[in-house]
Amino acid sequence: MRTFAIAASIAALALGLAGPASAQSPIIIKFSHVVATETPKGKAAEKFKELAEKYTAGKVKVEVYPNSTLYKDKEELEALQLGSVQMLAPSNSKFGPLGIREFEVFDLPYILPDLKTLRKVTEGPLGARLLKLLDAKGITGLAYWDNGFKQMSANKKLVTPADYQGVKFRIQSSRVLQAQFKALSSLPQVMAFSEVYQALQTGVVDGQENTWSNIYTQKMHEVQKYITETNHGYIGYVVIVNKKFWDDLPADIRDQLTKAMKEATDYGNTQSQKENDDALAEIKKSGKSEIVKLTAEQSEAMRKAMEPVYKDAAGRIGQPLIDEFLKEAKSTTN
Ligand code: LMR
């Protein structure tokens, strides 16, 4: 009889029938992400773990899996919906395949002059409304985390828009980013972040766009001859949890986790700029890539060349959303 009970509970565990994850002790939060620990997202995730475990006095254990060690880009979103992992922080550019296109507004070239402007949008009504869209997918949006501004890297020196013609670029799974490279007559190719280094090394693609911290920690500068300082677009994240897991948590635990998330967000978003500045300094020191600077006229030519992306994006995410974004970015109220 006893043997049967043990066998039955082992079978139940194997089938994932041991009750909701939130009823286990300690409650385990698996937090999967695709970047290195020494990045804005990696550090914010570690800070969340530290604070969540402290505020819940060990009732919650956060297991952070960095660098795609648990799941790659596309898989991690599926795993979250299935409940195999509880927390993620995918970039805004990765929600399209889930059926939520609106976050791609953050991908529009030159839409954000600086991080202060970004904060007005993410902390305003539009930021809250976008998070709400996730509910229908069984996902709860908790916070916006920064990385920073993107640079263009390639084995070819990229200065004028004409230099981009025919260059194969790895992109994240965003149609706005696809339109951006099409506007430059480049050849965009969607690829998981974990595969970029090798694809650059073997010549599957010629270039990519990313932040200094991602370029440095993935060693992309070692396989790219040039990095052009364009600051043309932004990478940031939406921290998300499985909705059922979150809703099933005891209220006091959820409150403590909310507090930990708020503090981890403040911490992460105040040091993201420094992470990127430090990574740029390290790349310069390595001497492996030439850093190409653009004059004001050259930057303006890039902006102009990418302007058609706005029209293309309006067809996908709607002009009202773009207008709302631009209005909040200009507002002086928050
Ligand atoms: C990328 O895929 O290039 C980035 O979104 C990776 C990340 O999470 O910063």
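Overview of values
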quantity: Most mobile of Gln24, Gln189, Gln201 in a GNM of the chain (Cα contacts under 10 Å); calculated: Gln24
quantity: Amide H contacts under 5 Å for Ile28, placed H, 5+ residues apart; calculated: Lys61
quantity: Debye intensity ratio in log₁₀ form over the Cα atoms of the chain, taken at each q of 0.09 Å⁻¹; calculated: -0.49
quantity: Sum of side-chain charges, Leu200 neighbourhood, beta-carbon under 15 Å (Lys, Arg +1; Asp, Glu -1); calculated: +2
quantity: Under the Karplus curve 6.51 cos²θ - 1.76 cosθ + 1.60, θ = phi - 60°, whole-Hz ³J(HN,Hα) for the stretch 194-211, x wherever Gly or Pro sits; calculated: 5, 9, 5, 4, 5, 5, 6, 5, 8, x, 4, 10, 9, x, 6, 10, 6, 7
quantity: Amide H partners (placed H, <5 Å) of Asn147, local residues excluded; calculated: Ile235, Gly236, Tyr237
quantity: Long-range HN-HN contacts of Val35 with modeled amide H, under 5 Å; calculated: Asn67, Ser68
quantity: 0 to 90° range, to nearest 10: angle between helix 2-14 axis and the chain longest Cα axis; calculated: 20
quantity: Karplus (6.51, -1.76, 1.60) ³J(HN,Hα), θ = phi - 60°, over the stretch 274-290, in Hz, Gly and Pro reported as x; calculated: 5, 4, 6, 4, 5, 5, 4, 4, 5, 5, 4, 4, 5, x, 7, 10, 7
quantity: Environment charge of Glu63, counting only residues whose C-beta is closer than 12 Å and scoring Lys/Arg +1, Asp/Glu -1; calculated: +1
quantity: Cβ-defined net charge surrounding Met87, 11 Å radius [Lys, Arg +1; Asp, Glu -1]; calculated: 0
quantity: Across Lys150/Lys285; Lys94/Lys330; Lys293/Lys327, pairs whose alpha-carbon gap is larger than 24 Å; calculated: Lys94/Lys330; Lys293/Lys327
quantity: Coordinate range along principal axes, alpha carbons of the stretch 110-170, Å, largest first; calculated: 42, 28, 16
quantity: For the stretch 18-333, accessible area per residue (1.4 Å probe, heavy atoms of protein chains only), Å²; calculated: 42
quantity: Of all accessible heavy-atom area on the chain, the percent that carbon and sulfur account for (1.4 Å); calculated: 55
quantity: Principal-axis tilt of helix 319-330 within the chain, Cα atoms, nearest 10 degrees; calculated: 90
quantity: Rounded to 5, percent antiparallel among DSSP beta bridges of the chain; calculated: 50
quantity: Flagged links, alpha-carbon separation over 31 Å, of Lys61/Lys116; Lys259/Lys284; Lys116/Lys311; Lys132/Lys311; Lys61/Lys132; calculated: Lys61/Lys116; Lys259/Lys284
quantity: For the chain, calculated [θ]222 nm from helices alone, where every DSSP H run of n ≥ 4 adds -39500 (n - 2.57); calculated: -14000 deg cm²/dmol
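The values are calculated or read from the model by the stated rules, or taken from the named source; none is laboratory data. Predicted model only: the values in this text are computed from it and were never measured. Cβ: placed from backbone, ideal geometry, glycine included. Neighbour counts: every protein chain shown. Side chains included, ligands, DNA and RNA excluded: accessible areas come from the protein's heavy atoms. Shrake-Rupley method; radii C 1.70, N 1.55, O 1.52, S 1.80 Å.
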